[in-house]
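Working notes for the structure below.
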Amino acid sequence: MPPVICPYCTADNDKVIDSRASDAGKVVRRRRECLGCTRRFTTYERVEQTSRLVVVKRDGTRVPFSRDNIVRGIHAACGKRPIAEAVKERIADVIEEELHREFDREVESRVVGERVMARLRDTDEVAYIRFASEYLKFRSVDDIMQQLETLNTRIKDVKEQQKLF
């Protein structure tokens, strides 16, 4: 492992004071003390996936799976919506975990997009429509209206089910 550089004095000599796992063991939080300036700082280490998942795009090209692409799409869809950063990150984490668990080598971009849409639909309807408009390539207002009608029907069904319980 390469040395950790102190953010205060740029020395590369430190000791770990405390370590703990977070986010279901995917991230390790380490509290460190610089042996040069004696100041303390925190680092986060993310576990890197060893499997090489490839995304097959609509045109047939193959690109390595990138969680960052999912995060960028979610951020673009959410815009200035009141959605916590932790919620956006959790959506990306859940989708990434599902894909690595369910697919060995390749996954179609369609599957990734549908999972993002499903999570956004449950989180924020406006973010869902924004993402769907790009992902489904809406060509007219009629396309958007049809998607809104589907969303409204779904919301009504959920509310009806909640009344039963």
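Structure data summary
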{"quantity": "Residue within segment 20-29 that is out of contact with any strand residue (DSSP E or B) (no Cβ under 8 Å at 6 or more places or on another chain) and either of a type in the set (A, V, I, L, M, F, W, C) or modelled with pLDDT of 95 or more (or both) present", "calculated": "yes"}
{"quantity": "Neighbours by Cβ (under 7 Å, 6+ apart or cross-chain): first from segment 110-121, assigned by TED's automatic domain parsing to the domain that holds Val87; second modelled with pLDDT under 95 and hydroxyl-bearing (Ser, Thr, Tyr)", "calculated": "Gly113/Tyr135; Met117/Tyr128; Met117/Tyr135; Leu120/Tyr128; Arg121/Tyr128"}
{"quantity": "Some residue of segment 109-125 being farther than 30 Å from Ile5 by Cβ, modelled with pLDDT under 95, more than 17 Å from the chain's Cα centre (by Cα) and crowded, with 16+ Cβ neighbours inside 10 Å", "calculated": "yes"}
{"quantity": "Test: residue in segment 136-144 that is under 21 Å from Gly60 (Cα atoms), surrounded by fewer than 18 Cβ atoms within 10 Å (Cβ to Cβ) and over 16 Å from the mean Cα position of the chain (by Cα)", "calculated": "yes"}
{"quantity": "Residues of segment 9-37 classified as surrounded by 11 or more Cβ atoms within 10 Å (Cβ to Cβ), assigned to a loop (DSSP other than H, G, I, E, B) and not hydrophobic (A, V, I, L, M, F, W, C), total", "calculated": "5"}
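The values are calculated or read from the model by the stated rules, or taken from the named source; none is laboratory data. Since the structure is predicted, the reported quantities are computational estimates derived from the model, not experimental observations. Quick reminder, even Gly has a Cβ in these numbers, built from the backbone with ideal geometry, and neighbours come from all protein chains shown.
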